[in-house]
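Take a look at the structure set out below.
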Amino acid sequence: QVQFVESGGGLVQSGGSLMLSCTFSGSIFSVYPMGWYRQRPGKQRELVATMTPGGMNYYADFVKGRFTISRDNAKNTVYLQMNSLKPEDTAVYYCNRDPPASVWGQGTQATVSS
């Protein structure tokens, strides 16, 4: 069964940066795009960015130009570099395949203060 372990969140000031990491079990990345999702307080989970096995990236409009998704195949790890963070980016961030599997990790909390 696939598992996801997210890390790298924290508390930063507006305009700051965070690098999130997600290590996953299984060889799912060779088949599915991998994605980062987030759930803001009181909101539904939403897709932030995805990367296909072939290296094509997708970004939600609200993070374009600020966030970058990347991967390390040898480590079964996906990253999300988040720059120019805004208070509205405060959320729990999760990784999963796209479309998501039914199993989710614990996520990592990113809090951006104004």
*Estimated D of the stretch 39-105 in µm² per second, where Rh is the Kirkwood radius over Cα pairs and Stokes-Einstein applies at 10 °C, 1.306 mPa s*: 122
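Give me D for the chain in µm² s⁻¹, whole number, from Stokes-Einstein with Rh from the Kirkwood sum over alpha-carbon pairs, 20 °C and 1.002 mPa s.
On the way: Rh = 13.9 Å.
Answer from the Stokes-Einstein relation: 154 µm²/s.
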*Could you work out, for the stretch 1-63, what percent of all Cα-Cα pairs fall into each 5 Å distance bin, beginning at 0 Å and stopping at the bin that holds the largest distance?*
4, 13, 19, 27, 21, 10, 4, 1
*Determine which lysines satisfy two conditions relative to K64: a Cα distance under 25 Å, and not lying fewer than 8 residues away in the same chain.*
K43, K86
*How much of L47 can a 1.4 Å solvent probe reach, expressed as accessible area in Å² and rounded to 10?*
50
*Using a 1.4 angstrom probe with every protein chain in place, what is the largest-first accessible-area order of R45, R38?*
R45, R38
*Percentage of interatomic Cα-Cα distances in the stretch 28-76 larger than 14 Å*: 54
_Carbon/sulfur fraction of accessible area - the stretch 28-114, other protein chains in place, 1.4 Å, %_ = 50
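If DNA, RNA and ligands are ignored and the probe is 1.4 Å, what is the ranking of S114, S14 by accessible area, most exposed first? Present the calculation step by step, with values, prior to reporting the outcome.
Details: S114 135, S14 65 Å².
From most exposed to least exposed: S114, S14.
The values are calculated or read from the model by the stated rules, or taken from the named source; none is laboratory data. Predicted, not measured: the structure shown is a model, and the values here were computed from it. The accessibility values were calculated without ligands, DNA or RNA, using every heavy atom of the protein model including side chains. Shrake-Rupley method; radii C 1.70, N 1.55, O 1.52, S 1.80 Å.
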